[in-house]
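One structure is given below, encoded as structure tokens.
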Amino acid sequence: MEVKEKRPVVSRIGIARIFTIFFVCCFFSLNSFGTNISVWPHEIKFNFDGSSYSNDAITIRNASGGTATVPEWAYNNGSPVTEKFAYIMGQSNRSIQVRFNSNCSSMHLIINLTVTSGTGIGTVCNYFVANYTALDWITLTLSGNIPGSVGTRNFTWQWSVYAIPNDAAYCSATSTNNTSHSYYTLLAAPQAPMAEPWCNVLDYACQWANGSTTENQVCTNILSNGFDQHYTWNYQCHMLASDFVRLVSTLGINAYLHRWASKNPYYASVGQMVQQMTIVFDPVGPTHGNKAIPWSWHQWAEAASYQRDPSANKSVAGNWGAYEDYVFAQYEKVLPQSPYYQWDNNQVGQSAGCEAPENRDYYSYPGETWILTSWLGPSR
């Protein structure tokens, strides 16, 4: 659809013409009972430039992965249809596009836009549009800032539009209408694999990280408010870790997956590792309780300089090897004679114990994107 933008055109001749129209209109109204002009928002676009978010909202997707609906607000014969949109926290002077409908086809407009409730994204003061044709698109630059923390917010705009008709059958009048909106605030530009975030993931991410202003706050809040309270680990660590990466990358944080596995859990040779035993810990959810658990493989994430384990609600400083040293207390290896298996204490460092190259297979995203899974979502 072609976007037609009307810019303010002000001159002495133009102003004189406007006032002439105004007085003629009022005279006609007084003598012929002319109709007051009425103007109302018909549609509003927040993400009108799909190639960039330098001036407008970012591109997001719906729950099924399709591009979210634009325009995000539509009058719809008096039963408004609304869709959420998204911005990066702290941005200022965002632009929107709006088109108005009217009982008159041609007019001059003076637009004022104020926030009457909630936390809005900006206002407009006395924006003048000459010779506006009903249902043409106008670009408005808002005065104001996007909030400075992660979250989902609601607000109501009041549109006060003073219209001067070009048709003497109508008289100038001010129309007042309200529109209500809901939007996401992200920490930073969304990252792969969620460079165009899904609305259903944004719903959870913005709720669990609400109020966060740093990468570390986002990660720890998503672990404690999300995974610890709403997920259940039952040997599907790969799916929980993948969800964590999707959640934090949605909010603008680079995150990676680490997958650790015994090299030969079923056909280990003498001296090789079969499986590991964790420290005593409490996996998220009610299934297992606080105990040590044998694992032949495990998957977790790295984000904001910490190893993040959604299965255990843990954040540990250091690299993947440091986390392996932390989480695994022992490892089971094959013996040449009865009892054929023996538990040894894990050893610090990436060349001994569980981490000895002959014992483990190690993978990391984005090098191995196959370790990402489809979105699981909370279970409770």
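Since every read-out is calculated from the coordinates, none of them should be taken as a lab result. Note that the structure is a prediction, hence the values are computed from the model and not measured. No Cβ is skipped: glycine too gets one built from the backbone with ideal geometry, and neighbour counts run over all protein chains shown.
Annotations for the structure displayed:
- Sum of -39500 (n - 2.57) over DSSP H runs of 4+, divided by residues of the chain (222 nm, nearest 500): -5000 deg cm²/dmol
- Placing unit charges on the Cβ atoms of the charged side chains and taking the dipole of the chain about its Cα centre, the candidate lying farthest along the positive direction among 36, 335, 311 is 36.
- Taking the charge dipole of region 199-371 about its Cα centre, with +1 at Lys and Arg Cβ atoms and -1 at Asp and Glu Cβ atoms, the residue from 234, 366, 221 reaching farthest to the positive side is 234.
- By other beta-carbon atoms within 10 Å, ranking 348, 218 with the fewest at the front produces 348, 218.
- Of the labelled figures (i) 1.00; (ii) 1.41; (iii) 1.11, only one reflects Cα Rg over 2.2 N^0.38 Å as derived from the coordinates, namely (ii).
- Tensor-based shape of region 12-186 (alpha-carbon gyration tensor, a/c under 1.5 rounded, otherwise prolate or oblate): prolate
- Here 125, 354, 104 are placed in order of increasing Cβ neighbour count within 10 Å, fewest first, which gives 125, 104, 354.
- Evaluated with a Cβ-only charge set (Lys, Arg +1; Asp, Glu -1), the chain carries a dipole of roughly 1020 debye about its Cα centre, given to the nearest 20.
- Whether region 199-371 is rounded, prolate or oblate, judged on the alpha carbon gyration tensor where a/c under 1.5 counts as rounded: prolate
- Seen against the Cα atoms of the chain and their longest principal axis, helix 237-250 is set at about 30 degrees.
- Global form of region 271-356, assessed from the alpha-carbon gyration tensor, a/c cut-off 1.5: oblate
- Using a cut-off of 21 Å between Cα atoms, the listed pairs 263/314; 45/84; 263/291 include 263/314; 263/291 as exceeding that distance.
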